[in-house]
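Shown next, in structure tokens, is the structure this report addresses.
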Amino acid sequence: MSRIRNGWRITILALAVVLVAAACGGDSAAEPDDSGNITIDLSEFSFSPDGLNLKVGDTVTITLRNTGEKPHEWMIGRDVDTDEGFPDGFHENFFDDVMGIAVAPEDAAMGQSDMDMDSTDTTVAAMEDEMGHGFMVMRPPGEQATVTFTVTEDQIGEWEMACFEEDGAHYDDGMKGKVTVEA
Ligand SMILES: [Cu+2]
């Protein structure tokens, strides 16, 4: 009798663990498919998937889809910077050392210096610019953009992707995720 009861207890406990894990949805990191493609949806106020696993040497094309009702941005960096107490970017930007990022449409990309724009007009060099923030992709509701780049050794480690729209309110409301780069 008590053996049966214990069995049930373990089953219920296991079920509870599964339900809690599903409800949290924390570590839903995804990786690009065999062709290097992955789609990330931007909405109020999250990224889906909210985690990204990349490998050095991979050339990846990330499609950023704004499926929400507000403009959203996509940045990757470390060490959140604040402006008058509001989160507004990163001290260290993921794309600082990447010289060839192809963004389509080109006007979705912001934060790179104009003088580094390539004449092929889809290739831009991502650099800190006069606007004071790193490379970002910004999309209005219902629109998308693709970002293509090759992952470098300088990018090994853990990073955060984030949206800092509306004085950082999107970030504070959970519009963030983890980006992990492995050798
Ligand atoms: Cu946002």
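The values are calculated or read from the model by the stated rules, or taken from the named source; none is laboratory data. What you are looking at is a predicted structure, and each value in this text was computed from that prediction instead of being measured. With ideal geometry, Cβ positions are generated from the backbone for all residues, glycine too; neighbour counts draw on all protein chains shown.
Residues that are over 12 Å from W159 (Cβ atoms), surrounded by 14 or more Cβ atoms within 10 Å (Cβ to Cβ) and either modelled with pLDDT under 90 or more than 15 Å from the chain's Cα centre (by Cα) (or both) within the range 89-99 comprise V98, M99, listed in sequence order. Considering only the range 44-90, state which residues are away from the ligand (no atom under 16 Å from the Cβ), of a type in the set (G, A, S) and either in a loop (DSSP other than H, G, I, E, B) or over 14 Å from A162 (Cβ atoms) (or both). Within the range 44-90, G57, G85 meet the criteria.
Would you mind listing the strands (runs of 3 or more DSSP E) fully within the range 130-183 where at least 1 residues are closer than 22 Å to E106 by Cβ and within 16 Å of the ligand (Cβ to nearest atom)?
136-139, 144-150, 157-162
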